[in-house]
Amino acid sequence: MKRNSGGVFPVAILVGALSMAGAAADADPEQALPQGVTQAMVDEGKTLFHGAALCSSCHGENGAGTPVGPNLADDTWLHSDGAYPAILTTIKDGVPTPKESMIPMLAKGGSGITDAQTAAVSAYVWTLSN
């Protein structure tokens with residue numbers, strides 16, 4: 001067996017590793033989102049979270065929670081498993097009997113958002129803890 005005296009083999013490994021890292025960086029960012037969720041939905045949901053959907057009124061500007069609404073940006077979920085479909089159901093139906101807050105969450109946070117907007121808000125809320 002011959003020794004590698006030219007350093008070619010280690011350089012080839014390094015080039016291959018860097019190539020793989022570059023491919024990961026070029027990967028589709030929506031690939032990490034739940035099935036059926038797009039980055040456009042997340043972006044719209046963020047706008048709604050801070051506006052028409054009224055979410056930030058109770059959950060805070062960054063979803064970090066307030067005395068009225070729990071933290072949505074950590075990995076603790078009080079009323080679901082934190083999966084996108086479960087978040088969608090919670091927002092759509094509301095939380096009539098909260099586990100920690102004394103104030104129930106109305107369906108769609110008491111806002112008049114549409115089902116499509118509810119899906120977008122749910123997508124954004126999902127990203128807060130993922």
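The values are calculated or read from the model by the stated rules, or taken from the named source; none is laboratory data. In this text the structure is predicted, and so the values were computed from the model without any measurement. Cβ coordinates were reconstructed from backbone atoms using ideal geometry, including for glycine residues, and neighbour counts include every protein chain displayed.
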For this session: Tell me, yes or no, whether region 101-123 has at least one residue that is more than 17 Å from His50 (Cβ to Cβ), part of a loop (DSSP other than H, G, I, E, B) and touching a Leu at 6+ places or on another chain (Cβ under 7 Å).
Result: no
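Yes or no, residue by residue, for (1) part of a helix (DSSP H, G or I); (2) free of Cβ contacts under 8 Å to residues at least 60 places away in the same chain; (3) touching a Pro at 6+ places or on another chain (Cβ under 8 Å); (4) closer than 17 Å to Asn130 by Cβ:
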{"residue": "Val37", "(1), (2), (3), (4)": "no, no, no, yes"}
{"residue": "Gly51", "(1), (2), (3), (4)": "no, yes, no, no"}
{"residue": "Gly63", "(1), (2), (3), (4)": "no, no, no, yes"}
{"residue": "Thr66", "(1), (2), (3), (4)": "no, yes, no, no"}
{"residue": "Thr90", "(1), (2), (3), (4)": "yes, yes, no, yes"}
For this session: Take Ser56 and decide whether it is free of Cβ contacts under 8 Å to residues at least 12 places away in the same chain, assigned to a loop (DSSP other than H, G, I, E, B) and out of contact with any Leu (no Cβ under 6 Å at 6 or more places or on another chain).
Result: no
Exercise. What number of residues in region 68-88 are surrounded by fewer than 17 Cβ atoms within 10 Å (Cβ to Cβ) and in a helix (DSSP H, G or I)?
Worked result: 2
Exercise. Residues in region 54-70 that are small (Gly, Ala, Ser) and over 19 Å from Gly82 (Cα atoms): how many?
Worked result: 1
Exercise. Right, Gly36: modelled with pLDDT of 95 or more and surrounded by 13 or more Cβ atoms within 10 Å (Cβ to Cβ) or not?
Worked result: no
Problem set entry | When residues of region 99-122 are limited to those that are over 19 Å from Tyr84 (Cα atoms) and either in contact (Cβ under 8 Å) with a residue 24 or more places away in the chain or polar (S, T, N, Q) (or both), the one surrounded by the most Cβ atoms within 10 Å (Cβ to Cβ) | Ser111
